[in-house]
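A quick write-up on the structure given underneath.
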Amino acid sequence: MMTPADRKELEGAARRLSREFAGVFSLETVEECVVDSFERLAATATVTGFLVILAERFARERLQALGQAGKQVGSSVPEVLFVCVHNAGRSQMAAVLLDQLAHGSVHVRSAGSDPADHLNPAVVEAMSELGLDLAKEFPKPLTDEVVQAADVVITMGCGDACPLYPGKRYLDWELEDPADQPLATVRRIRDDIQERVRTLLADLAPAATTS
């Protein structure tokens, strides 16, 4: 439920984002995206204290993707989208690993077809062992614009939930779900994802793998 205080903060978020996307989107479009992002996240959230902050971050990602899909915002590197069911484990690990290895040569997003309300704690711990901090990440619902903006869409157990668009490259990685698994199993899944990510990066941006 959106409170009057939430609405006031969302109006401020919309004004900030409209300045970022000045000349690309109108204030009305930005406001609609911010409110919709808040409502989508609120649908699964159990802790609402940071929803406005997360909604602003989510809306920024969606607006960037919408601009790229409509060619109002350019991108000079390949766009990769990882999608799993809850966006709480596999897709989050893949996105962070690819982002870390690519050094800016690839842009990465992740989403869930049925997002959870928080990341899997064992996934957060397994990634921290590699020096990768997932503390600021959060499960995000799959939206049409992030699929349209992607060059490569990689699904992990939710292929039918992802819309298909011509010109996209679709891959399905068969990976064990880390949900409710012990840390040792999550580490094995993490290492499997890391090897797949290295192979993907070598294909998308070969120079990044030798730098």
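Data overview
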item: Top-ranked residue of region 166-211 - restricted to ones that are assigned to a helix (DSSP H, G or I) and of a type in the set (Asp, Glu), ranked as surrounded by the most Cβ atoms within 10 Å (Cβ to Cβ); result: Asp192
item: Search result, residues across region 103-128 that are buried (at least 20 other Cβ atoms within 10 Å of the Cβ) and of a type in the set (D, E, K, R); result: Arg109
item: Leading residue by the ranking (farthest from the chain's Cα centre (by Cα)) among those in region 62-85 that are under 18 Å from Pro163 (Cα atoms) and surrounded by fewer than 19 Cβ atoms within 10 Å (Cβ to Cβ); result: Gly70
item: Spans of helices (runs of 4 or more DSSP H) in region 1-103 with at least 3 residues among the aliphatic types (A, V, I, L, M) and either modelled with pLDDT under 95 or not assigned by TED's automatic domain parsing to the domain that holds Ala207 (or both); result: 4-20, 27-42, 51-69
item: Among the residues listed as Val108, Val96, Val73, the single one being touching a strand residue (DSSP E or B) at 6+ places or on another chain (Cβ under 7 Å) and aliphatic (A, V, I, L, M); result: Val108
item: Hits in region 140-155 - residues which are among the acidic types (Asp, Glu) and either closer than 19 Å to Val106 by Cβ or outside the structural domain of Gly89 (by TED's automatic domain parsing) (or both); result: Glu145, Asp151
item: Single match in Lys136, Lys140 (criterion: at pLDDT below 90 and under 23 Å from Arg57 (Cα atoms)); result: Lys136
item: Count of residues meeting criterion [over 19 Å from Ala55 (Cα atoms) and within 14 Å of the chain's Cα centre (by Cα)] in region 107-146; result: 1
item: Region 142-165: number of residues that are surrounded by 18 or more Cβ atoms within 10 Å (Cβ to Cβ), small (Gly, Ala, Ser) and either under 12 Å from Glu79 (Cα atoms) or in contact with a Ser or Thr (Cβ under 8 Å, 6 or more places away or on another chain) (or both); result: 2
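The values are calculated or read from the model by the stated rules, or taken from the named source; none is laboratory data. Please read all numbers here as calculations on a predicted model, not as lab measurements. Glycine also receives a Cβ, built like all others from the backbone with ideal geometry; neighbour counts cover every protein chain displayed.
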